[in-house]
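Contents: one structure, followed by commentary.
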Amino acid sequence: MLLAIDVGNTNTVVGLYRENTSVGLWRIRTIKDTTADEYRMILHSLAAMDALGPLQIGGAIVSCVVPPLTGALDQLCRTFFKVTPLFVGPGIKSGMPIRYDNPKEVGADRIVNAVAAYERYRRDLIAVDFGTATTFDYVNKAGEYEGGAIAPGVRISAEALFHQASKLFRVELVAPQRVIAKDTASAIQSGTVYGYAALVDGILERMFDELGARPKVIATGGLARVICSQAQHVDDVDDDLTMEGLRILYQRNRPPRSSL
């Protein structure tokens, strides 16, 4: 099986693939001092919970934007699963030309999403990822990564509001019935959910104007369905886009005779 790990600043998503089929997908918190032993315990517990039996890993790919965890993940794969992990970064064969001023500046997660989205739709598109940051990434018709935009993420913005405003509090991030709310919890929900939907539509509209075209828009990430249900310009939501991108990248870089 292939072990795919996507480490974000807030959450880590772990997937297991048998050939091209997903057999396990889990989301856990990203804790910056997690050890290889702790990761091993977590993975085996999750696999056992879903009746996947002892993990037989034939390959591993990791996308990580939290540098302190790179060593632990490398040790996890080498020591416990006896495989050399492939880390998404400079030098990896993405099959996608990067038209950025400095390609090394592009986050691994952005490239992974772009590769997966283009592989699926084979046309010009914008991938929107609702992670710790909200990212917008444009791929042209030829399958070249052109760049995009980065905005503060939904959750960190809501947390900043909670921490900086002493009389405000955390709320469930769902769309309230009214934009003009009659209570504080609904007012926070309105400003956050409808506000970010407007941010998404606003950036997309400016991108459309700049391009003189209307690419397909696909969204992913933990709050994608909540925000995009209120946005006008998102065509599709794919919860597994990043993990599918990792699977594709592994296939493009897999060692000879690797058995999954």
Quick calc, the range 94-207, dipole around Cα centre from Cβ unit charges on Lys, Arg (+) and Asp, Glu (-), nearest 20 debye, gives 260
Toy charge model, Lys and Arg Cβ at +1, Asp and Glu Cβ at -1: the range 20-110 dipole around Cα centroid in debye, rounded to 20, equals 180
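What order, most packed first, do the peptides 214-220, 42-48 have when packing is the mean number of other Cβ atoms within 10 Å of each residue? Present the calculation step by step, with values, prior to reporting the outcome.
Values: 214-220: 21.6, 42-48: 16.0.
Highest-to-lowest ranking by the protection proxy: 214-220, 42-48.
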Rounded to the nearest 10, the angle in degrees between the Cα long axis of helix 241-253 and the longest principal axis of the Cα atoms of the chain comes to 30
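At a threshold of 8 angstrom on Cα-Cα distance, excluding pairs fewer than six apart, so keeping six or more, what relative contact order does the chain reach in percent? Each step should come with its number before you reach the end.
Details: 455 pairs, mean separation 49.7, N = 260.
19 percent.
Rounded to the nearest 5, what % of DSSP beta bridges with both residues in the chain are antiparallel? Don't jump to the answer; show the numbers that get you there.
Numbers: 27 of 44 bridges.
If I count the DSSP bridges inside the chain, around 60 percent turn out antiparallel.
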Nearest 10, in degrees from 0 to 90: the angle of helix 36-49 to the longest Cα principal axis of the chain is 80
As straight-line cross-link partners of K141, the qualifying lysines (C-alpha separation under 29 Å, not fewer than 8 residues apart within one chain) are K93, K104, K216
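None of the figures in this text is laboratory data; all of them are computed from the coordinates on show. No experiment lies behind these values; they were computed from the predicted model shown. Backbone-built Cβ (ideal geometry, glycine too); neighbour counts: all protein chains shown.
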